[in-house]
1. With the dipole of the chain worked out from charges on the C-beta (+1 for Lys and Arg, -1 for Asp and Glu) around the Cα centre, which of 167, 4, 249 lies farthest toward the positive end?
2. Counting Lys and Arg as +1 and Asp and Glu as -1, what is the net charge of the other residues whose Cβ lies under 14 Å from the Cβ of residue 27?
3. Using a Cα-Cα cut-off of under 15 Å, which aspartates and glutamates could be cross-linked to residue 187, ignoring same-chain neighbours fewer than 8 residues away?
4. Using Cα-only point scatterers and the Debye equation, what is log10 of I(q)/I(0) for segment 42-110 at each q in 0.16, 0.28 Å⁻¹, rounded to two decimals?
5. Taking the chain as a Gaussian network, Cα atoms linked when under 10 Å apart, which of 138, 241, 198 shows the biggest mean-square fluctuation?
6. For the chain, just say rounded, prolate or oblate: build the C-alpha gyration tensor, square-root its eigenvalues into a ≥ b ≥ c, call rounded for a/c under 1.5, and beyond that prolate if a/b exceeds b/c, oblate if not.
7. If the chain between residue 89 and residue 212 were fully stretched, how many nm would it gain, using 0.36 nm times the residue separation less the Cα-Cα distance?
8. Where nothing but the Cβ of Lys and Arg (+1) and of Asp and Glu (-1) is charged, how large is the charge dipole of segment 140-260 around its Cα centre, in debye to the nearest 20?
Amino acid sequence: MKTFRSLFETSANLAKVFVPTVSLSFPPYTLHLKFDSRDRLTEAGYDGKADPWFSSLCEVIPGKTLDELLRFSFTNLDQIFREDQTYWELRQELGEKVFSPFLELLKACLDVYRGRDYNYQEVSPLVCRCFGVREKDIENFLKTEKDSSLEKLAEFSKAGQGCRSCLTQLERMLLIDKGQGREKVYKNKTIAQWILDIDYMLSCFPAALEWEMQVESVRQRQVIITYKKKVSQVEEEKMGIELQGFLAAGVDEDFSFFLRRS
């Protein structure tokens, strides 16, 4: 595996992909993917100006199955380059940006490969890019489901359960359906916005990646955060205290943060 520094210094486009299965452009980039008969990616490459993020993507995704690619995110790159200082320096520069061209283009290519988008038909606008949920999908949910909450929508379509950048738009759509004044608000901020704020601070917590922590729910002043790492009760209690102090200082002192094994 090449270091991120080598990708950053050379930003070399990988070898051209001959007869790619799918190619898609997002100027100034074009991503090329080649799959075998079992939906496993065999080659990846890109055209456009040199970019370490595209180079790293094309370096690490070959060999992955379609299902693995559909779940691919920054979390995977964080794990792969966890000991690479250059990676974390550039990662920090991204700040709170939720739009990453190399990941967006990968998701779009996968949608085209799966036949989800067609050139000669009207396509409903995409709302949740992580799980390919469109406005029409949400409208169908609102027509059939009486409990039009973010939690129910997530059960119905997984919308909002990936990078969470779509939560604000989802919140707005549900609010319009419910009628003004019925959406849950705490301290003049919607629950969806609190989740975004907590998600960001959680991503800055040193142990969050190792423990695979995720925000599960926010109810009034109680926040449930799940984790997957196998630890003892004593370790969990110690981590819970550290997490409470870190998130309370970064988000709001009135919140209580609870760890729960996923």
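Computed from the coordinates by the stated procedures, all read-outs in this text should not be read as laboratory data. Quick caveat: nothing in here was measured; it's all calculated off a predicted structure. Here Cβ is always computed from backbone atoms with ideal geometry, including for glycine, and neighbour counts include all displayed protein chains.
1. It is 167, whose Cα lies furthest towards the positive end.
2. Values: positive: 49; negative: 47, 51, 104.
Once all neighbours under 14 Å are counted, the net charge is -2.
3. Correct list for residue 187: 197, 252, 253, 254.
4. Rounded to two decimals, the profile gives -0.56, -1.63.
5. 241
6. It is oblate, given that a/c is not under 1.5 and a/b is not larger than b/c.
7. Full extension of this stretch gives 42.1 nm more.
8. The calculated dipole for segment 140-260 is roughly 460 debye.
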